[in-house]
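The values are calculated or read from the model by the stated rules, or taken from the named source; none is laboratory data. Everything quoted here is computed from the prediction, not taken from an experiment. Ideal geometry is used to build each Cβ from the backbone, glycine not excepted, and the neighbour counts take in all protein chains shown.
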Amino acid sequence: MERPRKTTEAVEILHRRYVKGDPRREAALQAERVNAEVAAIVRDHRTEAGLTQEELAELVGTTQSVISRLEDADYEGHSLSMLQRIATALKMRLKVSLLREAAGEYGKRRRRTPQAKSAPPRPRARRVR
């Protein structure tokens, strides 16, 4: 039987020691990754467009400090409406997606039993006055 390889990767060791298997820490780490990714996306697209934070803020209708916060990986207040405004100012479109977690990636979760599909809800009638 082959022994598991020993790792010397510091990040992997720290993850295994302090995060892996703790659903709260795994969720917090994932949230931090998302915040950092959103910050990088805003900064990268702004700089690709050749804009300063002040110029983007003017196009979006906000202040430079708001753009600065959005580009900070520690900022947790990203809103879809602000990201949409930024996308519009940069002549881009915002795309949001939800991805399935890999098995066991963020802690064990109870599996739901599949439910029978029901008919789609009927549209509600509007009252005409």
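Values computed for the structure shown
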| quantity | calculated |
| --- | --- |
| Of residues in the range 10-50 being out of contact with any helix residue (DSSP H, G or I) (no Cβ under 7 Å at 6 or more places or on another chain) and not in a helix (DSSP H, G or I), the one nearest to residue 84 (Cα to Cα) | 49 |
| Qualifying residue in the range 76-94 (condition: assigned to a loop (DSSP other than H, G, I, E, B), hydroxyl-bearing (Ser, Thr, Tyr), modelled with pLDDT under 95 and within 14 Å of residue 43 (Cβ to Cβ)) | no |
| Among the residues listed as 73, 40, the single one being within 20 Å of residue 98 (Cα to Cα) and either of a type outside the set (D, E, K, R) or at pLDDT 90 or above (or both) | 40 |
| Among residues of the range 51-66, those that are touching a helix residue (DSSP H, G or I) at 6+ places or on another chain (Cβ under 7 Å), of a type in the set (S, T, N, Q), part of a helix (DSSP H, G or I) and surrounded by fewer than 17 Cβ atoms within 10 Å (Cβ to Cβ), counted | 1 |
| Condition check for residue 108: closer than 30 Å to residue 56 by Cα, modelled with pLDDT under 95 and among the basic types (Lys, Arg) | no |
| Subset tally (residues that are in contact (Cβ under 8 Å) with a residue 24 or more places away in the chain and over 10 Å from the mean Cα position of the chain (by Cα)) for the range 15-38 | 5 |
